[in-house]
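J.: For reference, the structure I am asking about is given below.
The values are calculated or read from the model by the stated rules, or taken from the named source; none is laboratory data. Quick caveat: nothing in here was measured; it's all calculated off a predicted structure. For neighbour counting, all protein chains shown are included, and Cβ atoms are generated from backbone atoms with ideal geometry for every residue, glycine included. Calculation scope for accessible area: heavy atoms of the full protein, side chains included, ligands and nucleic acids excluded. Shrake-Rupley method; radii C 1.70, N 1.55, O 1.52, S 1.80 Å.
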Amino acid sequence: TWKMAVGDGGGSTQEALGLKFSELLSEKTNGKYDTTIFVNGQLGSEQATVNDVALGTLDMSIVGASNLAPFSPSLGILALPYVFENIDQAETIINSDIERQLAQDALNQANVRILAWSYSGFRMLTNSKRPITSLDDLEGLFIRVPKSDLLIKTYQALGVNPTPVAWSETFTALQQGVVDGQETPYAAIYSMKFAEIQKYLTETHYAYQLEPLIMSEDLFQDQSKAVQAALIEAGQEATEYSLAWIKDKEGKIKKELVSKYGMEISQLEDETEWVKRAQANVWPEFYDQVGGKEKINALLRTLGRDEI
């Protein structure tokens, strides 16, 4: 039985991916292999678990691409603001040669093997102060962000005061008013119970959250060829399941946040200016980190979008 770390709570996309992967792995190995899932960051922050998996002191973890990027910088390309316009584009990249190259980079640079991906949705902005429908509404708000240079720079470009707070401390920081809001996908907002302390939610599309399930490469290599094949197959099927799961659940979660918790959901009047600011101020700063401008253009070409 292998240990798997999950940063989000029960009912999250991360947990759904982990549970399905574990079920599939058990089936494919006739019950000889299984995983125990530890939710809510019980085994440490996402970046800490990446380090533990790389060292072989933890078997598996599901983390945001931005939290793997400090160990394998090219993964940051998936977290560039407005690089994805919809879920279909995220699916296209996960099933492309670009994903295979990113997985190879993670192997070479971080000594972790990407087995599966969770489709976790666009990161939505919540806060306890007021509805947000324009950039002007952001003035004076303190928003919790992960300890990620890319996400910090993104919010700075939008004129926000980004405040890095550990994921495990985010609920308390919101509850005590240390920060006014946070930004995560619908499923994370639901699983972490942020609706209990956040009144307002704004639908934004600056980042589609893709979260890899990683395994210690040393542990993977210790397995027989048959078990390695089972791990790879379970990962591929769990990724497909994650896509179906988010398509089925996200709308239901949104409705429950309104009906059960009374959240007020707003749309942006015009997101064009958000796109312009983020891409003009953030993308150039991270060209080198993600592998160069050509890497971004290769991704854009794969999506059928104009190059930069």
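J.: Residues of the range 38-47 being hydrophobic (A, V, I, L, M, F, W, C) and over 19 Å from Leu115 (Cα atoms), which ones?
T.: Once the filter is applied, which keeps residues that are hydrophobic (A, V, I, L, M, F, W, C) and over 19 Å from Leu115 (Cα atoms), the range 38-47 yields only Leu43.
J.: I would also like to ask the following. Conditions: (1) closer than 26 Å to Pro164 by Cβ; (2) among the acidic types (Asp, Glu); (3) more than 16 Å from the chain's Cα centre (by Cα). Asp8 meets all but one. Number of the miss?
T.: Exception for Asp8: condition (3).
J.: Residues Ala69, Ala90, Ala110: which one is touching a Ser or Thr at 6+ places or on another chain (Cβ under 8 Å), surrounded by 19 or more Cβ atoms within 10 Å (Cβ to Cβ) and modelled with pLDDT of 95 or more?
T.: Ala110
Results for (1) open to solvent by less than 10 Å² (accessible area, probe 1.4 Å); (2) over 22 Å from Glu46 (Cα atoms), shown as yes or no for each residue.
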residue	(1), (2)
Glu139	no, yes
Ala187	yes, no
Asp218	no, no
Asp222	no, yes
Ala226	no, yes
Ala229	no, yes
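J.: If you don't mind, another one. Name the strands (runs of 3 or more DSSP E) wholly within the range 161-256 that hold at least 2 residues that are modelled with pLDDT of 95 or more and among the polar types (S, T, N, Q)?
T.: Passing ranges, in order: 181-184, 208-216.
J.: Just one of Val165, Val178, Val145 is open to solvent by 40 Å² or more (accessible area, probe 1.4 Å) and of a type in the set (Val, Ile, Thr); which is it?
T.: Val178
J.: Got at least one residue in the range 253-273 being more than 22 Å from Ser120 (Cβ to Cβ), touching a helix residue (DSSP H, G or I) at 6+ places or on another chain (Cβ under 7 Å) and either of a type in the set (Lys, Arg) or surrounded by fewer than 16 Cβ atoms within 10 Å (Cβ to Cβ) (or both)?
T.: yes
J.: Shifting gears a bit: Quick one: is Ser12 over 22 Å from Phe194 (Cβ atoms) and crowded, with 18+ Cβ neighbours inside 10 Å?
T.: Judged against the criteria, Ser12 is not a match.
J.: Note down all Cβ pairs under 6 Å where the first residue falls in the range 28-53 and is outside any helix (DSSP H, G or I), the second is among the β-branched types (Val, Ile, Thr), and they're at least six residues apart or on different chains.
T.: Asp34/Thr1; Thr36/Thr1; Ile37/Val6; Val39/Val6; Leu43/Thr49
J.: So which residues in the range 56-69 are at negative phi and in contact (Cβ under 8 Å) with a residue 60 or more places away in the chain, if there are any at all?
T.: Of everything in the range 56-69, those that are at negative phi and in contact (Cβ under 8 Å) with a residue 60 or more places away in the chain turn out to be Leu58, Asp59, Met60, Ser61, Ile62, Val63, Gly64, Ala65, Ser66, Asn67, Leu68, Ala69.
J.: On to the next question. Could you tell me which of the residues Ser134, Ser118, Ser191 is surrounded by fewer than 19 Cβ atoms within 10 Å (Cβ to Cβ), in contact (Cβ under 8 Å) with a residue 24 or more places away in the chain and at negative phi?
T.: Going through Ser134, Ser118, Ser191 in turn, the sole match is Ser134.
J.: Filter the range 1-18 down to the residues that are in contact with a helix residue (DSSP H, G or I) (Cβ under 9 Å, 6 or more places away or on another chain), of a type outside the set (Gly, Ala, Ser) and closer than 17 Å to Asp59 by Cα and list them by number.
T.: Once the filter is applied, which keeps residues that are in contact with a helix residue (DSSP H, G or I) (Cβ under 9 Å, 6 or more places away or on another chain), of a type outside the set (Gly, Ala, Ser) and closer than 17 Å to Asp59 by Cα, the range 1-18 yields Trp2, Met4, Val6, Gln14, Glu15, Leu17.
J.: Every residue in the range 162-181 that is closer than 18 Å to Ala207 by Cα and among the polar types (S, T, N, Q), please.
T.: Once the filter is applied, which keeps residues that are closer than 18 Å to Ala207 by Cα and among the polar types (S, T, N, Q), the range 162-181 yields only Thr163.
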